[in-house]
Amino acid sequence: MATTDRRNVGYGGGSDPGAPEQGASVTAGSGRRPIVGYAWAAPMTLFGLSIGAVTLLTGGRVERRHGVIEFRDGAAQRLLRLPFLRASAITVGHVIVGRDSRSIASCRGHEHGHVRQTERWGVLFMPAYFVAGVWAQLRGGHWYRDNWFERDADRYCELEWPEQ
Ligand SMILES: [Zn+2]
């Protein structure tokens, strides 16, 4: 059950406030993130921007929100419907690519969980994600649903993301 506790768990002051408590109703912060996080995730972000460029060239839209760049519509709609993806949105570095504004809004907290992971893992995020998926399979789970990175990102779903 959600509480009325509305803590700020954002990135203010460069501190790491830690993960939100399970079930707590909390509000995302100002979007300020540590510079080192942007630098460490930059190679991934560049890849995300290339997907974003294709999205824009095909009629998509872009917005900067909560310290990340969000691309949607255009080719992103078709990309995210591909059989091996089938996602509402994906996160690549400090870039979130979503089918449309509603699909991004429905999972913004989860995607910001992935942003946070990339700030910690940098270019190692993708191989680590792959290893975690294989590990989940070897333990009899699902490579995606039981992947540690997905479960970790789900802890951020309870965050509320105000319009800015
Ligand atoms: Zn995810």
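The values are calculated or read from the model by the stated rules, or taken from the named source; none is laboratory data. Bear in mind that the values here come from a model prediction, so they are computed numbers and not experimental data. Here the Cβ is made from the backbone with ideal geometry for all residues, glycine too, and neighbour counts use every protein chain on show.
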**Report entry** Matching residues in region 110-164 - criterion: being modelled with pLDDT under 95, of a type in the set (Phe, Trp, Tyr) and over 22 Å from GLY37 (Cβ atoms)
**Finding:** TRP143, TYR144
Query raised in the report: Do we have any residue at all in region 86-97 that's over 20 Å from ILE35 (Cβ atoms), modelled with pLDDT of 95 or more and either of a type in the set (D, E, K, R) or more than 15 Å from the ligand (Cβ to nearest atom) (or both)?
Result: no
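Scan LEU80, LEU57 and give me the residue that is free of Cβ contacts under 8 Å to residues at least 24 places away in the same chain, within 14 Å of the ligand (Cβ to nearest atom) and either of a type outside the set (S, T, N, Q) or surrounded by fewer than 22 Cβ atoms within 10 Å (Cβ to Cβ) (or both). First the steps, then the outcome.
Numbers: LEU57 fails: within 14 Å of the ligand (Cβ to nearest atom).
One residue alone meets the criteria, LEU80.
Got a sec? Which of GLU63, GLU119, GLU70, GLU111 is under 24 Å from TRP40 (Cβ atoms), surrounded by fewer than 19 Cβ atoms within 10 Å (Cβ to Cβ) and charged (D, E, K, R)? Don't jump to the end; show me each part of the working.
On the way: GLU119 fails: surrounded by fewer than 19 Cβ atoms within 10 Å (Cβ to Cβ); GLU70 fails: surrounded by fewer than 19 Cβ atoms within 10 Å (Cβ to Cβ); GLU111 fails: surrounded by fewer than 19 Cβ atoms within 10 Å (Cβ to Cβ).
That would be GLU63, the only listed residue that is under 24 Å from TRP40 (Cβ atoms), surrounded by fewer than 19 Cβ atoms within 10 Å (Cβ to Cβ) and charged (D, E, K, R).
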**Report entry** Residues satisfying the stated conditions in region 102-114, i.e. in contact (Cβ under 8 Å) with a residue 40 or more places away in the chain and more than 11 Å from the ligand (Cβ to nearest atom)
**Finding:** ALA105, ARG108
Report summary line: Picking from ARG72, ARG64, the residue that is modelled with pLDDT of 95 or more, within 17 Å of HIS94 (Cβ to Cβ) and touching a Lys or Arg at 6+ places or on another chain (Cβ under 6 Å) would be ARG72
Report task. Check whether at least one residue in region 131-143 is buried (at least 17 other Cβ atoms within 10 Å of the Cβ), assigned to a helix (DSSP H, G or I) and within 11 Å of the ligand (Cβ to nearest atom), and report yes or no. Result -> no
